[in-house]
1. Pull up all non-local amide H partners of VAL170: gap of 5 or more, or a different chain, and H-to-H distance under 5 Å with H placed in the peptide plane.
2. Please determine, in degrees from 0 to 90 and to the nearest 10, the orientation of helix 109-122 with respect to the longest principal axis defined by the Cα atoms of the chain, where the helix direction is its Cα long axis.
3. About the Cα centre, and with charges only on the beta carbon of Lys, Arg (+1) and Asp, Glu (-1), how big is the dipole of the chain? Nearest 20 debye, please.
4. Counting other C-beta atoms within 10 Å, which of ARG221, ARG294 has the fewest, and how do the rest follow?
5. Over the chain, with a Gaussian network built from C-alpha contacts below 10 Å, which listed residue (SER216, SER247, SER38) shows the highest mean-square fluctuation?
6. Taking the number of other C-beta atoms within 10 Å as the exposure measure, put ASP249, ASP267, ASP118 in order starting with the fewest.
7. Return the calculated 222 nm mean residue ellipticity for the chain, to the nearest 500 deg cm²/dmol, obtained by summing -39500 (n - 2.57) across DSSP H runs with n ≥ 4 and dividing by the residue count.
8. Ranked by Cβ crowding within 10 angstrom, fewest neighbours first, how are PHE14, PHE23, PHE123 ordered?
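Every number in this text was worked out from the coordinates using simple rules, so none of it is lab data. All values reported here derive from a predicted model rather than from experimental measurement. Counting neighbours? That spans all protein chains shown, and the Cβs are built from the backbone with ideal geometry, glycine included.
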Amino acid sequence: MKLGEPSLDQLRIFLAVAEEGSFGAAARKMGRAVSAVSYGIAQMEAQLGVALFEREGSRKPVLTEEGRGLLTEAKAIADGIDQLLAKTQSLHAGLESEVSLVVDVMLPGEVTASVLRDFRDMFPTVALRLQVEALGAVAACLLEGGADLGIGGPVLADHPELERQAIGAVELVPVAAPDHALARAGIAPGESRKHLQLVLTDRSPLTEGREFSVLSPESWRLADLGAKHALLKEGIGWGNMPRHMVSGDLAEGRLCELDLPEKPGADYTLNAIWRRDMRPGPATSWLIDAIRGRLAACEEFEPSVTAQP
């Protein structure tokens with residue numbers, strides 16, 4: 001039997017159906033009609049002489065054994081084409097005319113400010129748009145086309161449509177006001193669950209329903225890290241905060257670092273994130289390197305309390 005050669009478009013349709021779990025969802029993702037998706041799968045099956053999906057006895061298409069076997073190769077081919085197109089785009093493109101940057105609220109403000117100040121000196125002809133988001137909203141902004149480069153945490157950093165590069169970390173510490181019940185020594189395991197926890201959240205549907213480092217069933221969700229900081233200093237609840245943001249409060253007694261048995265504090269890894277179908281240009285690449293360098297300097301030299309924003 002002589003096999004045909006599936007087109008790149010058919011391979012992408014095959015991958016979309018496998019990833020989305022239905023012809024309808026794949027059609028919506030690709031902006032196609034369901035009939036076009038169904039036709040593309042039928043054509044690919046005819047060319048290869050195998051059934052890719054079981055359609056009978058199930059409301060959703062299920063990969064056949066042959067389909068599962070071909071999925072890895074199809075992904076590799078599509079990835080290779082994406083890399084080829086991205087590299088070709090970078091060869092044709094010179095310096096960007098504009099860079100859209102979205103940063104996580106956890107990124108120290110002094111890092112952002114100093115890097116962007118130097119960026120304007122280094123690239124005076126490149127317009128820069130800046131957004132500040134929390135958690136999964138950074139990735140959502142990239143996926144929706146609202147930004148070229150994101151500096152975000154580990155949430156959704158492994159999304160299949162995104163590339164990432166670890167560039168540093170921010171230490172999170174559990175804190176509360178000095179007169180809070182959890183501020184005393186010898187806190188028993190589980191005691192933190194009895195007190196209001198202030199939790200950073202975001203408005204992204206990508207992370208809807210997901211919780212991160214939440215111990216207490218009683219919690220307030222805030223999308224504003226500054227508001228969370230203010231509530232903590234007023235003695236309303238406890239919660240994790242970036243150490244760089246509260247170091248002055250800790251030194252001057254406005255907040256206390258909590259010694260909880262659960263050890264909810266952790267390093268919040270920051271990544272440079274961009275879409276797989278886009279390759280960072282010269283100005284964007286400079287931003288990645290500059291932010292990495294400033295974060296490394298922050299880790300090596302603790303800023304004094306008087307230098308806090």
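1. Residues meeting the amide H criterion: TYR268, THR269, LEU270.
2. 60
3. 580
4. Ordered from fewest to most neighbouring Cβ atoms within 10 Å, ARG221, ARG294 come out as ARG221, ARG294.
5. In this elastic network of the chain, the residue with the biggest mean-square fluctuation among SER216, SER247, SER38 is SER38.
6. ASP267, ASP118, ASP249
7. My calculation for the chain gives -13000 deg cm²/dmol from helical runs alone.
8. The fewest-first ordering by Cβ neighbours comes to PHE123, PHE23, PHE14.
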